[in-house]
Amino acid sequence: MRAGPKSGRLVGLDVLRGFAAVAVMLHHHGQYYDELYPGRTPLSVNFFAGHFGVELFFIISGFVILMTIERKATVWAFAVARAARLMPCFLAALALATVILVVAPMPPLDAPTLPRFLANLTMAPLLFGERVVDLPYWTLSYEMVFYISMAVLLALGRLRSIEWIALGWIATGVLFTTLVDVRQHSRMTILLLAQYSNFFVIGMCLYLIHVGRARPLTWIALAAGILVSVRGGGEQAFYASSGLYLSLTAVFTLLVWLGTTAVGRWIAVPPLVFLGRISYPLYLVHVVLGFQVIRFGVEQGWSTVEGVVAAAAVSLVAATLLHYLVEVPGQRWSRAARKPPALPVKALSRTGGPQSVDRLDLVD
């Protein structure tokens, strides 16, 4: 399957990533902190809805991963590209969170045990029965299962049947959550993507529409991905009502589609694009680091607004440093490591003497 002509970088999606990361951060700093550590004066604005930024992330992930995997000839190439994109920044963020929690634990964010730390190195600790070191890491288990599933489809040559497989994912999720108590079978829930497969499906369908390869089955899978949200949200979505969850899913679908059109280019002003570029490290570091800033502010008598602003500022600075000092160098090293070296070649004339020949560049 070849990527279509419009499959280059889409800055509109970068902007949406930035909005999603900031929404999750504001939810944690402005509202969820008080649920874990009561005592602050509540903000006049409730940022509860910010946690739905996760669902927006999953839709974007479905779009981007299908676009990415179509450009890879082998599973190995896809795995290396994903690892190079995600692991350097994640390992740095995990190390930072671990050091902070060892020095200043904040139960339930306590110092990780060695088994929990090692399980978190896989980016899917929940599959090993271990808790995440930092709160946002729970989504990474779902992302890893999605990546592995897509790699298996690539290996089996089944990407052309992605809509049928997507419908199977959705149907399996509905059946599983209807018949089984997901709280008692959390690992299987993750492995089946039972509560979130529809968001990845929406993203993949939007990609096929974007590159002009949509067929009737694509639209059916897209509609199913949206409509299945009528079930409402699960535990991680704070059991959102069916009406709210369905409405948000439809809005997020529309936003991602608009982000791939001219509208995405219109809103892609440099500050918003930059926010999107640092969205991954921002998502990873804002809880443990931001909560420490808020706790310090509470001890110093800061107002709730001052604490939230300070936590957000520190998180943004840390994310920027991780982006430039870890994420960008890691991606450059990865590209350089995957590119075959240029080999100088010398040809011999029929008489055996050397003849000047241009350098032979091998291109991946």
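Things to note:
- The gain in end-to-end length when the V99 to F274 segment is fully stretched comes to 60.2 nm, 0.36 nm per residue minus the alpha carbon separation.
- Volume in Å³ per residue [convex hull over Cα atoms, computed for the range 65-186]: 117 Å³
- Cα-based helix-to-principal-axis angle, 138-156 vs the chain, degrees rounded to 10: 30 degrees
- Pairs of Cα atoms nearer than 8 Å and 6+ residues apart set the relative contact order; for the chain it is 26 percent.
- Projecting the Cα atoms of V314, A223, S161 onto the charge dipole of the chain (Cβ charges, centred on the Cα centre) puts S161 farthest toward the positive pole.
- Structural descriptor for the range 273-338: relative contact order 40 percent, calculated from alpha carbon pairs under 8 angstrom and at least 6 residues apart.
- Helix 75-103 and the longest principal axis of the Cα set of the chain meet at an angle near 30°.
- Taking the chain as a Gaussian network of alpha-carbon nodes connected by springs under 10 Å, the highest mean-square fluctuation of the residues Q31, Q184, Q331 belongs to Q184.
- Each of C205, C89 was scored by other Cβ atoms within 10 Å of its Cβ. Arranged with the fewest first, they read C89, C205.
- The phi torsions of the range 243-256, fed into the Karplus equation with coefficients 6.51, -1.76 and 1.60 and a -60° offset, translate into couplings of x, 5, 5, 5, 5, 5, 4, 5, 5, 5, 4, 4, 5, 5 Hz, rounded to whole numbers, with Gly and Pro shown as x.
- Other residues within the sphere of radius under 15 Å centred on the Cβ of P112, judged by their own Cβ, net out at -1 (K and R +1, D and E -1).
- Degrees separating the helix 11-27 axis from the principal Cα axis of the chain, which is the longest one: 30 degrees
- Here's the picture: charge each Lys and Arg Cβ at +1 and each Asp and Glu Cβ at -1 in the chain, and of I65, S303, L16 the one pushed furthest to the positive end of that dipole is I65.
- Positive-end residue of A119, L36, I267, charge dipole of the chain with Cβ unit charges: I267
- Dipole magnitude (debye, nearest 20) for the chain, charges at Cβ of Lys, Arg, Asp, Glu: 1560 debye
- Part-to-part distance (alpha-carbon centres) for the range 222-275 and the range 32-66, which is given in Å: 13 Å
- Projected onto its three principal axes, the C-alpha set of the range 11-355 covers 89, 49, 45 Å, listed from the longest axis down.
The numbers here are math on the coordinates, done by the rules we state, and not lab data. The model shown is predicted, which means the values in this text are computed figures rather than measured ones. Positions of Cβ are generated from backbone atoms using ideal geometry, with glycine treated the same way; all protein chains shown enter the neighbour counts.
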